[in-house]
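Below is one structure, written out as structure tokens; comments come after it.
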Amino acid sequence: MAGSQLKKLKESLREAGLTGQTNVKKKGKRSTQKTPNETRRDDRKKVVQGIREQFNTFDTKFNKNKRDTATKTAVGRPSAAKSEAEKERKRAYDALKSRKNKTGGVYDRRFGENDSNMTAEEKMLERFTRERLAQASKRSMYNLEDDDDDMQLTHSGKSLSFGDLDNEEEEDDGGFLTKKRDFEEGDSESEAEVQPGRKKTKAEVMKEVIAKSKFYKHERQLEKQRLEEDIGELDDNFDDVMSELRGVPQEKGPLFSTKSEDNIKYDTAVRSLTLERRAVPADRVKTQEELESEHKAKMEKLEADRKRRMEGMVENADTRADDLEDDFFQGTDEEDEEDEIRLAEDDEEEEELFDSTKITGTNNIKIGGKPESISCPNSLEDMLNLLKDYEILEYPNVIKKVLKTYDPKFGEQNKPKIREFSKVLVDLIVYLTDEGANSEVLEGIISKIKPLVERYPEEMYEKFRSYLLSASTRPDIRKSDLIVFTLVGMTYSTSDQYHLVATPATLLMCEFLETTEIENNRDLFVGVYFATLLVRYQRISQRYIPEVVSFLEKALLKLVPEPEKIESQLLSSTHSKIISTSLTLEEIALPESDKLSLSLLDSRSKSVTQALLSKALSTIDLLIPLWQQFTSFTEIVTPFIAILDHLLTKVESTKINTLHSKLVKLRDVSLAERRPLKLQAHRSIAIASTLPKYEENFNPDKSYDPNRERLEVSKLKAQLKKEQKAALREIRKDSRFIGKQQLDDKRKEMDEYHAKMSKIVNSISTVEGAEKNQYAKEKRRR
Amino acid sequence: MAIGTKTKVNGKTNGSKSSKKELKNPTLFSIEQCAEYRQELLQSTKNINLISELLQNFKLSEPLILRSKVSDNDLQKISALSVTLAQVFLDFIKTGRLKVSKSAGDKQAMVAKWLKSKYSEMKTFMIHILSLPEALDLNEDVKSFKIGVLEILMKLLKAESDNMGSGEEPYFSTKTYGEIIYGVLLSGDISQILSDGTIDNYLLLEFMDSYFNRYWDLKYYFMSELKKQLEADIMQLDNDSKKVVFSSFATLVKMKNVINDFEKTVKKTYTKNPPKVISQQTVFKQNFEKNWITLLNFPLELSQYKLVLLMADKRMIPFFNNPTKLMDFLTNSYDTGFSSSDITISILALNGLFGLMRRFNLEYPDFFKKLYAILTPELLHLTVKSRFFRLLDVFMGSTHLSSSIVASFIKRLARIALTAPPSGVVIVIPFIYNLLKRHPTCMLLLHNTTEFESFEDPFDEEEEDPSNTNALKSSIWELQTMMNHYHPNVASLAKILQQHFNKYSYNMEDFLDWNYNKFITTEFEKKAKGEVAVDYEKWDTVLGFESSYLPGFEF
């Protein structure tokens, strides 16, 4: 089509037959064109609408399609939708406004009255179900006759069912409401024409009540009469019945049980047997191989557990390097179970312990004479009181006796006693060591500790910890401390990465090694002892202890003659402090035996110093296998080699010589094997890619998330967002509309008011003017 | 003493006429007598001669105080005497009788002169009392008496300064103050010097708390008078006394900021009308500086030396007019530390030097070389290590350091950690982590992918210059060893070196202040959460045999 918009419009109108001559008959062919006339007003409207749409391009909205511009698809008619929504709002607003400031009124609760979508039949059905439902819900819980109230068979106005019987039963139940209903029914039967919905007057209610009570009374009387009749009948017939009964021969049993003594016994035995627990088959006696394999399995499990602890793989031990202060050594709460299990297991071991007499060999003890009087000491004082009657050599036996007498197996009250006692035992060991008791006694007592630790882990570790705590606050180191630290090492699993007793003990010993300035034999002795002990602590876990290294170097430098001549560059100690002291040995004469007695702790003699030097050297020897595993072996041993070099210039000793050559050889090996570190050899991490993955037939509307769950979630999220937006938009539109309406209303009101006012003013002024004219006329007249 | 009390009664009854008798029989006046004397002296000018009697009597107390035990009774009398004398002289000063005025006649002048001489005699004696050596078992009463004497002296000083000036002219009795200072400083004993170089002298502490720290004029004149004293008298003293003077001075200026709120404190003066010169901060600083410089030339104990170095940064340099004067001292100390192998001194000197460098742009030759020299195995055993590492963190903070220097430091630190206590290792590991993070080139020390047929550690540990040690071609095997450290926390900390270097950096403050005590306390604070594992291995005996737990020892 060409031409202006107006021309186009005219053209199309004409084509539609809306303008111009309407009654033109086209020649030659029958007109198929529909002619809009009065009957076809709707058609006309439709056609006009079509033309209007065609010409107003803004009335329809097209979805832009980037790819294919040829096919435009109309998706909406915004103006139409808008006006529709406006209308809808207007309606809602008017409804709301009409209800404003009004209470009450008539609500249309009819169903489907205005619903054009439903057929008449559907409406009926729905109404019926609703009615039924409403009735059902109003039913009382006492209503037993459900459906049959309408469908009762009657004869001459009376029910043919067994309703009377039922009613009687119900009466027995005493349901008040039911009675009432029955009564009412009866009522309604007699006067069926009474409308049920009418409210009764008070007089009527009272009449009902009276009638009801009379009715009940009558019923009761009837009942009683019937009962009396029945009894009388029975009385009359009694003789007949009895004679008949007597005819039946009857077995006559004894009045009392005639069972013999044996039978009774038998019966009780049987009864007890049925009650008795069924015997279970005993465990088969295991063969030697089985026992061995069991033992092996147990050991393997213990070893596996130990290994797990050594590597710090305790539950929840998500050990990060940086949380130094965190408590990352978390255990579990299965302590109690473990405890019980262990108790059961350890019974055998316990027995074993008590039977073993190899320590003293004297089993025929005098204590046997007064076994009953032995008490269970709960403090060191009590203990010493108890022990003062015995020879010192008998102490282990006394303790054994106490342990046996107060074994928890023999009484509930023994357990706490033994727990206390085991704590006291530690105190006793400390006491006896400081008193200088002989080795047999100490060994005898110490051997009792471990089973007790296994049995009462909590008490014992608390005891040890409190001992360690007190030792940490004490300035001096006692002989008993050495023994207790050794005891800790013997008893507890020192290979654990973290151990509640072993770790503090190690720390305390290391503190001593680090802080002590070696001034006399005692310091040296304690230091060397601790160093050796720490090596024992680490015999499995093989951990590195820097303090031992620095202490041994410090100690050697104190002992070797002319220490200032050592090549100090190689040492790891301070150079200025290397001077001869009172401890320095002029000549070295290492003793034959390598054993050191604890009794020499306070000895100041030079021979002990010599022995200590020898001991220090053997400690180095002990440490070599441990150090050897470390790549820094060279750095660790270089100072020692330097010192030994120096020593060899002073003295000819095979021991020093072997140690020296061993160190040198191992150092060379270690140096040759050593390669630069590759600590950061991690699995390489992929560099995060910024390029999108190429998707064939990519559709932007679709999500290509590989994660199914995330996809769902994002879908829901998008939907939620959309809904939310729509809802908000609606709300905004509503409020805007309401605002507009209110403004309109107000304006209208004002207009009305002004109009009214002006009208009034006008009328007044008219009257006034008329009056005035009248007045003027009158005046003129006069 | 019984006789003493009798004569006291006599004295009381006979009044002033018994004085001769008492001089022959030297006993202290009783409290009542003192009161009598005071009354008479204050009543009329005629009794003025009684002063010399009192003074004589007062001087008798010297041997008593010197004695190891002085009875309470005697002490009460002595303090009564001192108080009486002080009250009399205070009155004289206030009434102006000690002033030699030209308008007065010769006689009056003579009396005033005489009184003055007696007054100075008394002051000298009192100051003498302050510095009297004390018996070993310190008597609390003697202590409080001495403090009382100090209080009297200070009161006299105030009275003098307020009244003895000519007319309305501002005046401060510097001479008396100088003497008091001298007495207080020397009242200490060499045995009272504590291990940290300060002195535990109660008189000095009393002086510090009640006077020195409170009043600006006293502080100001302390510095100026001390300067004079140092030039004159104190120079002549023996070494021990010099040390005491040094420690006393250090104690006075150590605790608080010397010029704390200058504007505020200037207004707070002990005397009523001190000269205006005290408000000149520069003069004060000059004196302060001069005193320090003089004192630093004294022969010092090691602890005192360390104290000075500790104070230098915060308590000395800010109050010097010309802080560069300390430069020589500090650089000397820094070097002394190396030559005497006591790196504590070097570390402390470094602290002061750092302050100078930061504020006055001090340049120091071979700085990193010297710093490298501090990294001796001893370092990690010292308590001052945290101080050093704080500084080292600053010095090594630059990312522009050459990686060979950084590598040398890393290697050396790792080396010295090998014999260090856990508190030291715990510092070194995160420190190295931070260094590696800042200088990724040095990751070679941790991770070197070059394959070697045979490898020899090229690190030269004897090389003193950190840029020539070849450390970059080495590896820190020492820290690999630390992954097997016996302390679980240290071991897990060391393991960060084989994890990804994800963390930006470690906050060094979390690691600097650990020590055994802290480690052990945290151990004992832990509560049992699981089973306390028992070793399943069994030993027959503890010591002595081959099968024992510790075969090498026996009971």
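The values are calculated or read from the model by the stated rules, or taken from the named source; none is laboratory data. Quick caveat, the model's predicted, so the values are computed rather than measured. Because the Cβ atoms are built from the backbone with ideal geometry, glycine has one as well, and the counts that use them run over all protein chains shown. Keep in mind that these areas ignore ligands, DNA and RNA; they rest on the heavy atoms of the full protein, side chains included. Shrake-Rupley method; radii C 1.70, N 1.55, O 1.52, S 1.80 Å.
Backbone amide hydrogens, once placed in the peptide plane, bring B:Val534 within less than 5 Å of A:Ser493, excluding anything fewer than 5 places away on its chain. Ordering A:Ser582, A:Val526, A:Ile656 by the projection of their Cα atoms onto the charge dipole of the range A:516-673, which places +1 on the Cβ of Lys and Arg and -1 on the Cβ of Asp and Glu, puts A:Val526 at the extreme positive end.
Shielding value for A:538-551 is 5, the average number of Cβ atoms from other chains within 10 Å of each residue's Cβ.
When the Cα positions of A:Tyr431, A:Tyr456, A:Ile445 are compared along the charge dipole of the range A:410-462, A:Tyr456 comes out farthest toward the positive end, with charges on each C-beta of Lys, Arg, Asp and Glu. Think of the range B:308-448 as having a plus end and a minus end, set by charges on the Cβ of Lys, Arg, Asp and Glu; of B:Thr324, B:Leu309, B:Phe354, B:Phe354 sits farthest toward the positive end of this dipole.
Backbone phi angles across the range A:441-456, fed through the Karplus curve with coefficients 6.51, -1.76 and 1.60 (θ = phi - 60°), yield HN-Hα couplings of 4, 4, 4, x, 6, 4, 5, 7, 5, 4, x, 5, 4, 5, 7, 10 Hz in residue order; Gly and Pro are listed as x. Mean projection of the Cα convex hull over all viewing directions, computed for the range A:86-132: 4.8 nm². A 1.4 Å probe, protein heavy atoms only, puts the accessible area of A:Arg306 near 10 Å².
Other residues whose C-beta falls under 14 angstrom from the C-beta of A:Val424 contribute a net charge of -1, scoring Lys and Arg +1 and Asp and Glu -1.
Proximity of backbone amide H atoms, modeled 1.01 Å from N, is registered between B:Glu554 and A:Leu596, A:Ser597, A:Leu598 at under 5 Å, excluding neighbours fewer than 5 places apart on the same chain. Scalar couplings 3J(HN,Hα) for the range B:403-417, obtained by applying the Karplus form with A = 6.51, B = -1.76, C = 1.60 to θ = phi - 60°, are 5, 5, 5, 4, 4, 4, 4, 4, 4, 5, 4, 4, 4, 6, 6 Hz; x denotes Gly and Pro. If you sort A:Lys558, A:Lys417 by accessible surface, 1.4 Å probe, largest first, the order is A:Lys417, A:Lys558.
Would you mind getting me the FRET efficiency between A:Glu11 and A:Asn117? Use the beta-carbon distance for r and R0 = 30 Å, nearest 0.05.
FRET efficiency, A:Glu11 to A:Asn117: 0.10.
Taking 0.36 nm per residue of sequence separation and removing the Cα-Cα distance, the A:Gln135/A:Ser703 pair yields an extension gain of 199.2 nm. Checked against a 28 Å cut-off, the cross-linked pairs A:Lys558/A:Lys662; B:Lys243/B:Lys518; B:Lys155/B:Lys228; A:Lys100/A:Lys748 give Cα-Cα distances beyond that limit for B:Lys243/B:Lys518.
All C-alpha to C-alpha distances of the range B:344-430, sorted into 10 Å bins beginning at zero, yield P(r) values of 16, 52, 29, 3 percent in whole numbers.
Applied to the range B:117-130, the Karplus parametrisation 6.51 cos²θ - 1.76 cosθ + 1.60 on θ = phi - 60° returns per-residue 3J(HN,Hα) values of 5, 5, 4, 5, 4, 5, 4, 4, 5, 4, 4, 4, 4, 4 Hz, with x for Gly and Pro.
Proximity of backbone amide H atoms, modeled 1.01 Å from N, is registered between B:Ile199 and B:Leu194, B:Thr251 at under 5 Å, excluding neighbours fewer than 5 places apart on the same chain.
Inter-label distance, B:Arg359 to A:Tyr753: 8.0 nm, where each label sits 7 Å from its Cα along the C-beta direction. FRET efficiency for the B:Ile293 to A:Met313 pair, using the beta carbon distance and R₀ = 56 Å, is estimated at 0.30. In this simple spin-label approximation, B:Asp393 and B:Lys228 carry label points 7 Å from Cα along the Cα→Cβ vector, and these lie 4.9 nm apart. Cross-linked pairs B:Lys369/B:Lys503; A:Lys665/B:Lys495; B:Lys116/B:Lys158; B:Lys77/B:Lys219: Cα-Cα separations exceed 24 Å for B:Lys369/B:Lys503; A:Lys665/B:Lys495; B:Lys77/B:Lys219. Treating r as the C-beta distance of B:Asp366 and B:Glu456 and R0 as 35 Å, the FRET efficiency rounds to 0.75.
For the segment A:668-679, counting C-beta atoms of other chains within 10 Å of every residue's C-beta and taking the mean gives 6. Across all directions, the average flat footprint of the convex hull enclosing the Cα atoms of the range A:516-673 is 8.9 nm². Residue ranges A:722-732, B:362-372 sort as B:362-372, A:722-732 when ordered by packing (mean number of other C-beta atoms within 10 Å per residue, highest first).
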